[in-house]
Every structure is written in C-alpha cells, then in structure tokens.
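Taking it in order: structure first as structure tokens, then the write-up.
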C-alpha cells in the first residue's frame, strides 16, 4: 500500500497486511506520518513538557478521569 506523510509529503510503502495499512483503509480519517516526522514531533513534545510550560487540556468527560 502506498502512503503519503501528511507533514513532509514523502511517499512510502506499507505491507498490505500490516495493522496500520488496514487501519488507514478502513478509517479514512486516520492519517499517516513517516518515522522521521513522528520522531521529530515526539522529541519536540518531550522537550516542551520538560520546560514546565506545557499544559494538558482535557475535557470533563468521565472516561478521561482515568487518564
């Protein structure tokens, strides 16, 4: 399955029987990010959390109380 990263527009290949490929086929609202973009966002998020200025905004939904 050919996939395109939503951030850098890099075109990649996923095996047709991979769980992510099945998820992208069945739920079209799900988007794909390549590994480089995913790692870059994760690193920047961890750095923002470490500054102490990062605030998690959560709703008052009862399911999120366990989160």
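Each value in this text was obtained by applying a stated rule to the coordinates, not by laboratory testing. A quick note: this is a predicted structure, and the numbers were derived from the prediction, not measured. Cβ sites come from the backbone with ideal geometry, for glycine too, and all protein chains shown count toward neighbours.
Ordered by the count of other Cβ atoms within 10 Å of each Cβ, fewest first, 10, 35 give 35, 10. For the range 2-65, what class follows from the C-alpha gyration tensor (a ≥ b ≥ c being the square roots of its eigenvalues): rounded when a/c is under 1.5, otherwise prolate if a/b is larger than b/c, else oblate? Note, shape of the range 2-65 comes out oblate.
Please give the length that would be gained between residue 27 and residue 48 if that part of the chain were fully extended, namely 0.36 nm times their separation in residues minus their C-alpha to C-alpha distance (nm, one decimal). Please list the in-between numbers first.
Working: separation 21, 0.36 × 21 = 7.56 nm, distance 3.04 nm.
Computed gain between residue 27 and residue 48 is 4.5 nm.
A helix-only calculation puts the chain at -11500 deg cm²/dmol for mean residue ellipticity at 222 nm, using -39500 (n - 2.57) for each DSSP H run of at least four residues, averaged over all residues. A straight chain from residue 7 to residue 38 at 0.36 nm per residue would run longer than the Cα-Cα distance by 10.2 nm.
In percent, rounded to a whole number, the relative contact order of the chain is 24, using alpha-carbon pairs under 8 Å and six or more apart. What angle do you read, to the nearest 10 degrees and between 0 and 90, between the alpha-carbon axis of helix 35-51 and the longest principal axis of the chain? The angle comes out near 0 degrees.
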